[in-house]
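Asker: The following block contains the structure, expressed as structure tokens.
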């Protein structure tokens with residue numbers, strides 16, 4: 001009889017929260033000088049950028065990051081350096097995801113942000129807005145296909161595209177800023193915590 005009762009009881013499924021994290025790389029000299037550094041300028045972190053990454057690795061945010069199962073990182077050196085410093089603490093497998101590279105800005109690379117007019121559309125000799133958006137979406141999909149929670153370490157332009165794709169309220173992110181995203185179910189929208 002107890003078997004019959006167990007069979008008649010509705011199955012209650014636990015709703016597993018999904019989450020992932022995003023960190024923009026630490027400061028570079030290009031960031032400091034307000035120069036456009038896309039995929040065409042593979043610049044290293046400066047001393048401040050290294051300090052920012054260390055500070056993040058030592059902050060309260062690292063308690064969330066201890067659950068990370070995979071770090072997905074842009075192949076660009078500034079992102080890899082940031083991920084390496086964070087990974088000294090969390091020690092997760094690292095996967096390079098080519099699609100997480102920054103926007104290739106063509107003739108706009110190494111120019112002052114103040115000189116550029118994004119209203120003209122696509123950067124001359126660079127990657128179109130649509131190409132970049134499509135590539136970042138693919139990079140996000142690849143990243144989230146790995147065991148999670150996943151930490152993505154990439155770029156400001158990549159975050160902007162991720163935020164637009166996920167319909168988040170804003171797409172601005174500072175150097176080494178930590179973003180925590182969650183949803184209750186796969187059919188739900190992602191939200192920022």
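Asker: Determine, for 110, 135, 24, the number of other Cβ atoms within 10 Å of each Cβ, and report the residues in order from fewest to most.
Answerer: 110, 135, 24
Asker: Roughly speaking, what is the stretch gain from residue 116 to residue 60, that is 0.36 nm per residue apart minus the C-alpha to C-alpha distance, in nm to one decimal?
Answerer: Length difference between fully extended and current span is 16.4 nm.
Asker: In whole Å, what is the distance between the alpha-carbon centres of region 119-193 and region 34-113?
Answerer: 14 Å
Asker: Which value in deg cm²/dmol, rounded to the nearest 500, describes the helix-derived mean residue ellipticity at 222 nm for the chain, given -39,500 (n - 2.57) per DSSP H run of n ≥ 4 and division by the residue count?
Answerer: -10000 deg cm²/dmol
Asker: Here is a further query. Quick one: helix 47-57 against the long Cα principal axis of the chain, what's the angle to the nearest 10°, folded into 0 to 90?
Answerer: 10 degrees
Asker: Now a separate question. Looking only at 118, 20, 104, which one moves most when the chain is put into a Gaussian network model with springs between Cα atoms under 10 Å?
Answerer: Greatest mean-square fluctuation among the candidates belongs to 118.
Asker: Over the chain, with a Gaussian network built from C-alpha contacts below 10 Å, which listed residue (158, 95, 150) shows the highest mean-square fluctuation?
Answerer: In this elastic network of the chain, the residue with the biggest mean-square fluctuation among 158, 95, 150 is 95.
Asker: Between 75, 169, 123, where does the largest GNM mean-square fluctuation fall for the chain, given springs only between Cα atoms within less than 10 Å?
Answerer: Top of the fluctuation ranking is 169.
Asker: With each pseudo-label sitting 7 Å past Cα toward Cβ, what's the residue 192-residue 95 distance in nm, one decimal?
Answerer: Taking the simple label geometry, residue 192 and residue 95 are separated by 2.5 nm.
Asker: Which of (1) 114; (2) 124; (3) 134 is the computed volume of the Cα convex hull per residue in Å³ for the structure on display?
Answerer: Entry (3).
Here, each number is a calculation from the coordinates, and none is a lab measurement. Everything numeric here is computed off the predicted structure, so don't read it as measured data. As a convention, Cβ positions derive from the backbone with ideal geometry for all residues, glycine included, and neighbour counts pool all protein chains shown.
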